[in-house]
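Undergrad: Here it is: the structure, laid out below.
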Amino acid sequence: MEYRVDYRLRSPKVRLWRREADIFELLAEPLREGTHLLIRAAQDRRVKSEEEIDKLFSKIEKLESMAKIAIKLRRTPRIKPRIARLQVKWTSVEIQPPQNKPNYREMQPIKVNAIVAEEIQAPKGEKAVKWYY
């Protein structure tokens, strides 16, 4: 499912996509000027930052918290409604082309900003929420 957030006629367009959109070919597509993607990560991809190759999730897990926010979580089948306090980490990385198909090897790495938001001290009996983008 895709959502579009338009704050003003001339403001940037932000397209929010669920994990199903975490596809290398989609990430490699050129964007129109003023358009940005925010895609929830489904794949723990190989990434390069500085001169080091690492996995995406472990790379951003190693970072120090850069911000703390509170959000209201709505009821879902797995989550009770509550105010969740999250720590947020982010960094810039280059996603490396997948190695499992020959035609991917010709593709170039993709520069992205990776984000993780993780709940701090979830209520007892509740699983802490964690989202990778």
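Any read-out appearing in this document is the output of simple, stated calculations on the displayed coordinates, not a laboratory observation. It should be emphasised that the depicted structure is a prediction, and the values quoted were computed from it without experimental measurement. So basically every Cβ, Gly included, is an ideal-geometry build from the backbone, and we count neighbours across all protein chains shown.
Undergrad: For segment 80-121, which positions are out of contact with any Phe, Trp or Tyr (no Cβ under 8 Å at 6 or more places or on another chain), under 23 Å from Lys59 (Cα atoms) and among the aliphatic types (A, V, I, L, M)?
TA: Residues satisfying the conditions are Leu86, Val88, Val93, Val112, Ile120.
Undergrad: Look through segment 113-133, keep the residues that are under 20 Å from the mean Cα position of the chain (by Cα) and among the small types (Gly, Ala, Ser), and return whichever of them is surrounded by the fewest Cβ atoms within 10 Å (Cβ to Cβ).
TA: Among those residues, the one meeting the criterion is Ala128.
Undergrad: Report the residue count in segment 16-69 for those that are of a type in the set (A, V, I, L, M), in contact (Cβ under 8 Å) with a residue 12 or more places away in the chain and in a loop (DSSP other than H, G, I, E, B).
TA: Matching residues across segment 16-69 total 4.
Undergrad: Also, I was wondering about something else. Could you go through segment 47-67 and let me know if any residue there is among the charged types (D, E, K, R), within 24 Å of Arg15 (Cα to Cα) and out of contact with any Phe, Trp or Tyr (no Cβ under 8 Å at 6 or more places or on another chain).
TA: There is no residue in segment 47-67 that is among the charged types (D, E, K, R), within 24 Å of Arg15 (Cα to Cα) and out of contact with any Phe, Trp or Tyr (no Cβ under 8 Å at 6 or more places or on another chain).
Undergrad: Another question, then. When you scan segment 92-102, how many residues do you find that are touching a residue at least 12 places away in the same chain (Cβ under 8 Å), among the polar types (S, T, N, Q) and either over 21 Å from Glu51 (Cβ atoms) or assigned to a strand (DSSP E or B) (or both)?
TA: Qualifying residue count for the region: 1.
Undergrad: May I pose another question? Can Pro77 be described as more than 18 Å from the chain's Cα centre (by Cα) and in a loop (DSSP other than H, G, I, E, B)?
TA: For Pro77, the condition - more than 18 Å from the chain's Cα centre (by Cα) and in a loop (DSSP other than H, G, I, E, B) - is met.
Undergrad: Where residues in segment 70-91 are farther than 15 Å from Ala128 by Cα and free of Cβ contacts under 8 Å to residues at least 40 places away in the same chain, which of them is surrounded by the most Cβ atoms within 10 Å (Cβ to Cβ)?
TA: Filtering segment 70-91 for residues that are farther than 15 Å from Ala128 by Cα and free of Cβ contacts under 8 Å to residues at least 40 places away in the same chain, the one surrounded by the most Cβ atoms within 10 Å (Cβ to Cβ) comes out as Lys89.
Undergrad: Among Ile69, Ile110, which is the only one that is closer than 25 Å to Ile23 by Cβ and within 17 Å of the chain's Cα centre (by Cα)?
TA: Just a single option satisfies the conditions, and that option is Ile110.
Yes or no, residue by residue, for (1) among the hydroxyl-bearing types (Ser, Thr, Tyr); (2) surrounded by fewer than 14 Cβ atoms within 10 Å (Cβ to Cβ); (3) over 22 Å from Val129 (Cβ atoms):
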{"position": "Phe57", "(1), (2), (3)": "no, no, no"}
{"position": "Val93", "(1), (2), (3)": "no, no, yes"}
{"position": "Asn100", "(1), (2), (3)": "no, yes, yes"}
{"position": "Lys111", "(1), (2), (3)": "no, yes, yes"}
